[in-house]
1. With the checklist (1) surrounded by 13 or more Cβ atoms within 10 Å (Cβ to Cβ); (2) part of a loop (DSSP other than H, G, I, E, B); (3) more than 14 Å from chain B (Cβ to nearest Cβ) in hand, flag the one item residue A:190 doesn't pass.
2. Given the conditions (1) in a strand (DSSP E or B); (2) away from every other protein chain (no Cβ under 14 Å); (3) exposed (fewer than 14 other Cβ atoms within 10 Å of the Cβ), and given that residue A:123 satisfies all but one, which numbered condition is not satisfied?
3. Please go through the stretch B:70-86 and give me each residue that is within 12 Å of chain A (Cβ to nearest Cβ) and over 20 Å from residue B:48 (Cα atoms), ordered by number.
4. Suppose we filter the stretch A:79-106 for residues that are at negative phi and modelled with pLDDT of 90 or more; how many remain?
5. What number goes with the only condition from (1) surrounded by 15 or more Cβ atoms within 10 Å (Cβ to Cβ); (2) at pLDDT below 95; (3) within 22 Å of residue A:229 (Cα to Cα) that residue A:69 does not pass?
6. Applying the selection to the stretch B:87-102, what residues are out of contact with any helix residue (DSSP H, G or I) (no Cβ under 9 Å at 6 or more places or on another chain) and more than 10 Å from chain A (Cβ to nearest Cβ)?
7. Residue check: is residue A:135 within 19 Å of residue A:57 (Cβ to Cβ) and part of a strand (DSSP E or B)?
8. Name the residue, out of A:130, A:149, that is more than 17 Å from residue A:90 (Cα to Cα) and within 14 Å of chain B (Cβ to nearest Cβ).
């Protein structure tokens, strides 16, 4: 058997396993072009948030505002058909920054979240990436507490009776928003394709809404339109279908 | 007159003219790419130069086998192209960056003279620069 194998190999025109001369390579492989994809994406966002009237109120009353950069974690899902992408998105603000402790009164964000949808078109694309221009709509929600601090000791047994001046237990604002952002995403290369996604955008409330309180009905509160610049860094996983050479 | 001036001033490899009689001419080029990284090109195991986008490298070599290779770093994979050069001929090798999740590579392919000449029109010569 081994002699037969040896004779077989000797009789061959080229040694088995030897790669053909790469000078025969006469073209760059075509760009993978999948017709449509299902996409899920998760990541983090840093947002610079403006609520001008409430910020004025804090400033006038020497209330130190919480750090204006809000970190979010988010999850998006949706799909792409050729050059159009549509996604549903939702995010939740995390408390990554150490709260201000040295001020007499300080406002802390106790809740922040958004949910919405966006649709985009890849205005530029090449072998490796797609640059989308996205527009979206949704709702954004914020809640703050204002802490009035005192050095006066309070017995735990009396804590419910304690009414610290300068304390606001709940200030809530919800806005419906419009959003515009530029998204840079790696191009899908395989049937199941992971990629990095970066997004730079701005969103703003459609109209000013009055601040409310979760603790009591609030009247005569200032109205604000949330304005938010944000930078998103995410990781997406796409399931791609209907491959066609470009 | 304007056309003549444009022809004189337009860049692109001198390889459109024939290679020196006893030598072969090798042109490795990259077209404009969105956000492309520069790569180090090696010839016969020796670093030749960095090749950014929208640039070409050109060298005259003695006939024979030549190994063209892209150097690697942590995030890039190596690509190798073997050519058998013949005297008096010009070889156009097109290089295109291919990026995938966490990896990237510079694809290399030998193209026809016509396509090579056409695609190198307007490209600028790369400054010969070795990696740091």
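1. Failed condition: (3).
2. (2)
3. Here is the first cut: in the stretch B:70-86, the ones within 12 Å of chain A (Cβ to nearest Cβ) are B:79-86.
Selection gives B:86 alone.
4. First, pick out the residues of the stretch A:79-106 that are at negative phi: A:79-81, A:83-106.
Next, only the ones that are modelled with pLDDT of 90 or more stay: A:79-81, A:83-94.
So the answer is 15.
5. Here residue A:69 meets the rest and fails (1).
6. Pass one, the stretch B:87-102, residues out of contact with any helix residue (DSSP H, G or I) (no Cβ under 9 Å at 6 or more places or on another chain): B:87-88, B:95-102.
Across the stretch B:87-102, the qualifying residues are B:87, B:88.
7. In short, no.
8. Working: A:149 fails: within 14 Å of chain B (Cβ to nearest Cβ).
Matching residue, one of A:130, A:149: A:130.
The values are calculated or read from the model by the stated rules, or taken from the named source; none is laboratory data. This one's a predicted model, so the numbers in the text were calculated from it and none came from an experiment. Cβ: placed from backbone, ideal geometry, glycine included. Neighbour counts: every protein chain shown.
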